[in-house]
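Down below is the structure, laid out as structure tokens.
Please treat every number below as a calculation from the coordinates, not as lab data. Computed from a predicted model, the values in this text were never measured in an experiment. Positions of Cβ are backbone-derived with ideal geometry, glycine not excepted, and every protein chain shown enters the neighbour counts.
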Amino acid sequence: MIQSDSLIIELGERSYPIHIGAGILGQPGLLAPCLPGGDLLLVSNETVMPLWGRRLAAGLEGRRLAHCVLPDGEAHKTLGTLGRVLDALVEARMNRDCAVLALGGGVVGDIAGFAAACYQRGVAYAQLPTTLLAQVDSSVGGKTGVNHPGGKNLIGAFHQPVAVIADTDTLGTLPDRELRAGLAEVIKYGLISDPAFFDWLEDNIGRLLAREPQALGYAIRRSCETKAGIVARDEREQGERALLNFGHTFGHAIEAGAGYGAWLHGEAVGVGMLLAAELSQRIGKLPATDVDRLRDLLLRAGLPVEPPRLGAARALELMRMDKKVRAGLVRLVLLERLGTAVFTADYPSAALESLLADTMDATA
């Protein structure tokens with residue numbers, strides 16, 4: 001019997017397991033007991049389905065399984081693509097006892113989860129993440145949605161999955177660039193709440209890049225534990241959960257401004273984290289040595305550390321479309337030290353504007 005490492009997202013009646021391990025995607029004893037008894041719609045993309053669709057289906061014998069294969073990439077995370085999943089549910093004549101299975105990275109998971117939240121006012125779905133970024137972040141916590149030209153993830157819903165199955169075998173087919181992008185979200189957990197984990201990442205980043213199974217398994221488990229605890233305490237982002245967006249307000253502006261797909265989400269978040277750290281240092285919250293440590297780790301992970309030259313005005317315009325903005329104030333997650341983050345609008349607006357001018361203007 002293949003072993004998995006498991007933990008629970010504690011949300012009362014909506015609690016669900018996260019299973020992490022190698023070769024677990026087709027194990028019927030993990031996924032099947034979490035699903036309702038009706039038909040299943042497998043949502044994947046044209047890259048992942050040929051690689052892992054058959055393994056998943058092998059663990060679902062005896063169940064009616066329809067398919068919806070989407071184009072690959074962030075550029076397709078749109079209402080139009082969402083409509084394709086809803087059309088597939090209707091065409092397969094799925095009822096409220098059906099379930100949607102999201103096999104892929106964050107784009108597939110967000111779209112399939114949003115479709116499940118909308119169809120017949122909500123049906124079950126399971127997250128089957130195949131990228132490092134999805135395994136440590138987007139598959140956990142119930143955020144679903146699609147992008148809009150005006151901003152990232154502006155249209156969506158909270159809808160918790162019934163299970164998350166993170167098969168680390170799928171990382172073996174992940175392109176190097178995608179693996180590095182996922183490491184940005186791993187690094188985030190050390191920055192916001194776990195300085196010992198940040199230290200571990202500094203010592204083990206080479207092992208992660210080499211895809212050593214033990215190192216990857218530990219990093220995924222530690223990341224999921226941190227997120228699970230935060231989500232259990234603040235499911236709908238009324239307070240503490242906002243800390244998980246460290247670097248994301250900058251990062252989402254980069255993704256939207258550069259054109260969805262030009263930057264991978266993790267790449268943009270990595271630069272966004274560095275910008276947030278630099279702002280924290282400029283206003284006296286964070287020692288410069290901590291900014292240097294973050295920059296060095298991002299470079300060692302093979303991630304970019306310079307943002308695209310969107311222009312300060314355009315970047316600020318996009319940041320003001322962030323979902324965390326209130327009364328026109330851009331609320332940011334900033335650092336007081338490595339492992340200690342705060343969510344605040346209490347910073348000089350001139351400091352943010354100066355940072356954006358220094359890093360994003362064409363003449364900077």
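A few points about this structure:
- Spacing of the two label points (7 Å from each Cα toward its C-beta) at Asp169 and Trp200, in nm: 2.5 nm
- Full-stretch length increase - Arg54, Ser354 - with 0.36 nm per residue and alpha-carbon distance subtracted: 102.8 nm
- Kyte-Doolittle mean at least -1.0, axial Cα span of 24 Å or more - DSSP H helices of the chain: 176-193, 213-233, 265-282
- Distance between the modelled labels on Asp361 and Ala262, one decimal in nanometres: 2.0 nm (7 Å Cα→Cβ projection).
- Whole-Hz ³J(HN,Hα) from phi, Karplus 6.51 cos²θ - 1.76 cosθ + 1.60, for region 237-243, glycine and proline x: 6, 8, x, 4, 4, 4, 4
- Within the chain, longest stretch clear of exposed GluC sites (Glu not before Pro) (DSSP loop, no more than 12 other Cβ within 10 Å): 62-364
- Spatially close lysines, pair count over the chain: Cα under 22 Å, gap of eight or more or interchain: 20
- Residues within the reach of a label modelled at Arg93 (point 7 angstrom out along Cα to beta-carbon, backbone nitrogen below 18 Å), restricted to region 104-137, are 120.
- Using R0 = 41 Å, the C-beta based FRET efficiency linking Arg64 and Val325 works out to 0.40.
- For region 103-170 and region 11-33, distance of Cα centres in Å: 15 Å
- Label-point separation, Asp292 to Gln238 (7 Å along Cα→Cβ), nm: 4.3 nm
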